[in-house]
Every structure is written in structure tokens, then in C-alpha cells.
């Protein structure tokens, strides 16, 4: 058994699914859960995601040998600050935050010496749904988990966090936090912003009701991710500001040039962009 | 049987799938196929998509009681011009072009009196693949087909084209060509341009190899449609110029405002856009 008493802070899709998966794997004793609202705590209890609900963060982390923080990026720093005085010297802590440089910064600012017990991580998994109801035990199977180790992270904490993710079927790799944030901006954060913007633009048209009825694959795929949690994605945009702005600048320049080519009827330019993209997708981005 | 001798011009995913579906439904006698290259014609013969290959358009349409034109938008007008002198007064013609206003315009310009025999149509179906190899008999099942009737279209031609699409499992509706083009720009054409641009931007980064490995749903869905046929999408952008430019202007303005909000840390604005988009997706765009 990896943890005798695991504390899960944030019992939604990410936190809840980890708990269910570790329980199913027989790798956890008791799971203590914390959520901001009493309603969410009760929901997590009712669904069997957690065994005990804690009313405060201090109570939640007391006597825990493992802590998983799965809250929106905007709440990460205050959670670290609140738990810091109450955690043991031997606890193993990790998180599921989608942007790693601010988590690393907050960990150094808030955890003091106990930063050695913290292993920043990011499971690349999720659906457009959120909340305890959306959690399921197989979420992490065959999914990547990226750990962005601190220079001060204790080896035994890394071993334990790796073992935890592998126990639920994930594949663990390590990456520098800045590189992580750039890669995730490209693969996930920017696509979500593009989808939110598309649906928002279309929703302002009178005939938008007709839209999905006549939508083939293209719009359906885009609109699905626009159903994701708005608070989570607001926080990700703010937290990954620099990587997002750099990419958005490039993206907007590309779109401006394509628009100009459509306006002027520059068929050669359009064909060259589409061919380059198709070639990249079919060769370099093949799954 | 709906057609004794059906001529399919362009035997790729769209044309080939219609032939296979009508054959499976027992609604067609002989299928004559035309493609620009001898290689594609032979492929279509080998796959059983067509029974006879024609070397010229004149030969292809001779004695046909049905004609389906499934070529890229850029080839539509010249195909109509080439077949016009060779088609019978009783033929029923339709097409699969993704943009309808230019097809309607070309039909009036090229077909003379025989424009009465033409029923412009658009099956909202497809995959990111193209060519005879990608054709399959069930492509149109449960899919929408939009007909954009001309004021001069003969009633019996409409009845036959409706029957043809219903025989392969599609649901037929009618729409004004301009409205069709606006709705399709929103649901399909713009999303494809956004996806091509995303993959093209990312392909210019050194670390793009890492991208798909760490991609969750967001990028995977986007990148799939960037694998679509570049010639087809170049032609669609050019053909649907006005609707595309109008939408691109709105889309780029939205993205500019989101970028500014990320830069200035305007959390309220980001949340309002994402909430509005999620609400629209979850209520008005629900499948």
C-alpha cells in the first residue's frame, strides 16, 4: 500500500478520479477529502470518493502521509500557504496543476524546508466535465503524467509519487517547468482558448441554433472542449500568461496572413499553409 | 431503381461513397466514373466503386440519367461547362460542393435551359481522408444533406435527388444558398482554417515533436481536421470568401480582446467569455 492516509484537496474530476483509481488498485488506506463547499464534500462522500470529509485544510492534512492538491490554479498558492504549518516532515505531496512554473514558485514561497517533500506534477488527462460526479477510476490509464522536479525534491518523495501514478496506469516522465508550460500552452491551453472564442463568436449570431444541426466533425470537436470549466481555464490563462501570449501572437499573425490571402484570392499561399499543416500532422504529429 | 446509369464525376470520398451506398441499396444500375487521372479511375474500378471508367467528361455523361458532381470547388465551373453540351434534357444532376452560391452562379452561367435539371446539394459528411480508398457505403447514414434549390429547378429533379439521398440514409433539408454558406463557414470552414493555422504555427517550433505525445483531447481533435485535403480547403476558402472574411474578422477581434485580457490580467473578462461560451455550448448547441 502506497499511502495509509491520503489527503485529497479538491475532489473533482482530477482529485476524485485519483482517489477512485488508488482505491481500486488497493494502494490506499483511508482517503480524507477537502473541498471548499460542504455540498461538494458531501457529494464526494456519497459517491465513495472519500472516506472522511474535513471541514478545514488543517484538519485535512493532519496525519496524512500523502497529499494530492487538485484545485484550480488560482487557489494553488493559498492552499500551499494554509497547509504548510500543519504537514509532517515525512509527508509526500504532489499536485495536478496544469501550469507548473507558478506552482514551483508558490511551493518555494510557502513551504519553507518542507519544499523537499513536494513533487510538482501534471497528469495530462481530463474531460470537458468537472466536479465529483465526473470522476472515474480509469481516467489515468495510458495517460502521461509530467513531473517537474525541484532541485530540492527528496528522492524518496519522487519514488513514491512515481509509484502512485504508475499504480493507476499512468506513464510518468520528467520535464523542466518552463518547457512543460510551453508544450502545454501549445497542445492544450491555446486550443481551449480557440474553442471558447469560436463558440462565443457564433453564439452572438441569430442563426446559431442551426449551427450544430449542420455541423460535421469540425465544429463538434471544437465545441466539446468549449464546455470545459470556465474558472479552471481562466486560471490557466492567467497562470501561463507568458507562454500563452507568445503563442497567441504567432497564432494571430498566422490568421491575419490567411485572412489577407482569402481577401486577395492568393490561392498559392493558402495551399502552401494547408499543405504544410497536413504534412506536419501526418508525419511529425502522428499518434 | 432510381438511376439506370449514374455518372459520378470525381470518385473520391464523397463521390465514391455515394456510388457504394446506392449499389448496396440496389438503387443504381451501372455507374460510370470520371476522374482527372487514369490512376484514380483505375483505383475506383479496382475498388468496385464504378463499373465503367470514362476517359472524357463528354463520354462520362453520355446516356446517363443521373449525374453527381463531386469535385473540389475550384473545378466545379469548368466541369459544368464541359458537360453542358453533352447532357440529355431529362438528366437529373446534383453536386456535393461545400459552398453553394458559386455553384448556383456557375450553373446559371454554363447550363443554359438545362439548369432546370440541376439540384445543387451539399451532403454534410466526410472525414479527414480523401481519394477512392477512403470511400465507404455508410458515410451518409444519419447525415444531413442540404439542397439549395434554384427558382428554375424542375420538381421531378428535386424529387429524384431527395429519393437518392434518402436511399442512402441521409436526412434532406432545403436552405437558401447564402444562408447555407454562412452556416457552413461557421460550422466547418472556419474551424478547419483554425486547425490548419494551429498545426502550422506549432510545426514551426523546434519542440513540436513533443507536442502530440503530451496532447490531451484538445490538440488531438484540432489536429485531426488539419489532415484534410489542402486543395479542397483552399478552394472552399476562395469560394466562400465573403462569409469567411466576415467571420474571420469577428474571430480575430475576439482573440485580440482575449489576448489583451491575458496580458493585463483581466480575470473577469476571461471568465465572462468562457462562461458565455460554455453556456452556449451546453444549452443552445447541444446535440
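Any read-out appearing in this document is the output of simple, stated calculations on the displayed coordinates, not a laboratory observation. The structure displayed is predicted, hence computed values, not measured ones. Cβ sites come from the backbone with ideal geometry, for glycine too, and all protein chains shown count toward neighbours.
Here are a few things to note about the model shown:
- Cα coordinate range in segment A:63-169, projected on the principal axes (Å, largest first): 35, 28, 27
- For segment A:136-177, convex hull volume per residue from C-alpha positions, Å³: 67
- Angle in degrees between helix B:267-279 and the longest Cα principal axis of chain B, rounded to the nearest 10: 30
- Estimated FRET transfer efficiency when R0 is 60 angstrom, pair residue B:163-residue A:38 (beta carbons, to 0.05): 0.50
- Estimated FRET transfer efficiency when R0 is 51 angstrom, pair residue A:256-residue A:129 (beta carbons, to 0.05): 0.90
- Average beta-carbon neighbours from other chains, 10 Å sphere, peptide A:125-131: 2
- Euclidean distance of C-alpha centroids, segment B:137-180 and segment B:1-76, integer Å: 18
- Rounded to the nearest whole angstrom, the semi-axes of the ellipsoid equivalent to segment A:179-284, taken from the Cα gyration tensor as √(5λ), stand at 24, 22, 14, largest first.
- Centroid-to-centroid separation of segment A:95-121 and segment A:264-279 [C-alpha atoms, Å]: 44
- Ranking of B:86, B:122 by count of other Cβ atoms within 10 Å, fewest first: B:86, B:122
- Across chain B, Cα pairs under 8 Å and at least six residues apart give a relative contact order of 17 percent.
- Of the peptides A:225-237, B:136-148, the ranking by mean beta-carbon count within 10 Å, highest at the top, reads A:225-237, B:136-148.
- Coordinate range of the alpha-carbon atoms in the protein assembly as shown per principal axis, descending: 88, 45, 40 Å.
- The protein assembly as shown - share of DSSP beta bridges that are antiparallel (%, nearest 5): 10
- Averaged over peptide B:235-246, the number of partner chain Cβ atoms lying within 10 Å of each residue's Cβ comes to 3.
- Contact order normalised by residue count of segment B:3-174, Cα under 8 Å, 6+ apart, percent: 25
- Taking the number of Cβ atoms within 10 Å of each Cβ as an exposure proxy, the fewest-first ranking of B:93, B:1 is B:1, B:93.
- Using R0 = 41 Å, the C-beta based FRET efficiency linking residue A:62 and residue A:178 works out to 0.75.
- 10 Å Cβ neighbours from other chains, averaged over peptide B:251-258: 6
- Exam field: residue B:24 pseudo-label spacings to other copies (7 Å along Cα-Cβ), nanometres: 3.4
- The sum of -39500 (n - 2.57) across all DSSP H runs of n ≥ 4, divided by the residue count of chain A, sets its helix-only mean residue ellipticity at 222 nm to -15000 deg cm²/dmol.
- Residue closest to axis [chain B; rotation mapping onto A; Cβ; Å]: B:221, 2
- Where both bridge residues fall in segment B:3-174, DSSP classifies roughly 10% of the beta bridges as antiparallel.
- Choice from A:97, A:12, A:169 showing the highest fluctuation, given a GNM over chain A with Cα pairs closer than 10 Å: A:169
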